[in-house]
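Data first, discussion second: the structure below is written as structure tokens.
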Amino acid sequence: MTKKLSKQQHKRQMRIMDMQRRAFWCADGTMIERLVVGCKLAGFTPAYRFIGKIIDEPQTWQIISVVFCESDSERYFKALHFEARGKIKELQPEVNRLTDKLIAEQNHNHFVSWGWWATPAGNIDLDSEEDSVVEQFDKWGAWDRDLCAIQLKMRMEKSNVQ
């Protein structure tokens, strides 16, 4: 009876973990202080243990890298969609390299900030997800040059201390 119950509990935990993985996301960018994590399930906040497991174990990540620009007449963004496998913290240099390349392709005078969003879900249509990702970055201040300058300065100070 105990083995059967244990197997059932394990199966249930695996189903919950899979459901959370499909809804989990993380993001980073000029406008935010540090890596942000969240869940697309309404009213659900991932448990710390779950966050650690997802971030610290290799996953196949679907990533949207975005560059935010502003000219005299409009705000616009350019996005790059790609997949990468590994621990998200170990993938950050590659994500940053691709984002830097995207930044370099833009008019330097229009550049405001950058950000990336990633999910280990494995089945997200990134084209349809792009608008909500850009909207979230906008809420975080993607086009706010002053906020981005402050956050960048804080990041630089933290990296100089460490």
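Taken together, the values in this text are just the output of simple stated rules run on the coordinates, not laboratory data. Since the structure is predicted, the reported quantities are computational estimates derived from the model, not experimental observations. Don't worry about glycine lacking a Cβ; one is built from the backbone with ideal geometry, like all the others, and counts go over all protein chains shown.
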Once Gln136 and Asn109 are pulled to full extension, the length gained, defined as 0.36 nm per residue separation minus their Cα-Cα distance, is 7.4 nm
Could you name the aspartates and glutamates in cross-link range of Lys158, using Cα to Cα under 16 Å and dropping any fewer than eight places away on the same chain?
-> Asp28, Glu33
Placing each pseudo-label 7 Å from Cα in the direction of the beta carbon, Tyr76 and Lys53 end up separated by a distance in nanometres of 4.4 nm
Please tell me which of these pairs span more than 29 angstrom C-alpha to C-alpha: Lys40/Lys78; Lys7/Lys89; Lys40/Lys87?
-> Lys7/Lys89
